[in-house]
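Computed from the coordinates by the stated procedures, all read-outs in this text should not be read as laboratory data. All values derive from a computational prediction rather than experimental measurement. Backbone-built Cβ (ideal geometry, glycine too); neighbour counts: all protein chains shown.
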Amino acid sequence: MNTIRQLILLFAALFITACGDDPVPKPKAYLRLDYPVPNYERSREQLPFSFDINSISQIEEEVKYNAEDGSIGVNIDYPNLKGTVYLTYKPVRDNLIELLRDAQNLTQKHTIKAAEIEGSLFENDDNRVYGMFYEVGGNAASQSQFYATDSLKHFLSGSLYFYTKPNYDSIYPAAVYLKNDIKHIMESLQWQE
């Protein structure tokens, strides 16, 4: 009986000492997303406008032409970032106010989910490009939008969408990277005559 008691005490002592490590909290870690430094090249599509495009993106092969109103739809796909910039070109035909209103209304539709919408004017007198860039904060469907025009013949609008349900914290790094690409599109935009 004494031997059994000694064996039980020995196993209890081993069990207690085996679990004796104090828990150590894990250090804080942050998601690290490294995006390549943008390398821009001129777009080669036969469109009424041209712009610089990031080499990690690609213009989708199917460019949508609408013969009825002269509009053109072009999508710039970022497969690694799971996002697309949708561009819509429309010729100006005494409808500039309507085109401006539609572009601004599209941005305002995101106020339901957006934490904030910040707009900034854009002007490039050398290339006759004037417009607005909108940064949409929060869980809105589109994080960046813009429109640009020469006020006489050309009007271009664009919106960024990701292939996922909007969660601003998760998509923020990619949204910032693509925001800079969209601004570069506006800065390099040239109208074809």
At residue 176 and residue 50, where each label point lies 7 Å from the Cα along Cα→Cβ, what is the point-to-point distance in nanometres?
3.3 nm
For residue 71, distant residues with modelled amide H under 5 Å away
66
I'd like the FRET efficiency for residue 69 and residue 106, computed as 1/(1 + (r/R0)^6) with the beta carbon distance as r and R0 of 22 Å, rounded to 0.05.
0.85
Simple label model, 7 Å out from Cα along Cβ direction - residue 123 to residue 9, nm:
9.2 nm
Computed over the Cα atoms of region 46-191, what is the convex hull's projected area averaged over all directions, in nm²?
8.6 nm²
Long-range amide H partners of residue 154, meaning residues 5 or more apart or on another chain whose placed amide H is closer than 5 Å, are 92
Inter-label distance for residue 42 and residue 61, nm, one decimal - labels placed 7 Å from Cα along Cα-to-Cβ
2.5 nm
Cut-off 20 Å (backbone N to label point 7 Å along Cα→Cβ of residue 98), residues of region 47-76
65-73
Check: region 46-191 dipole with +1 on Lys, Arg Cβ and -1 on Asp, Glu Cβ, in debye
360 debye
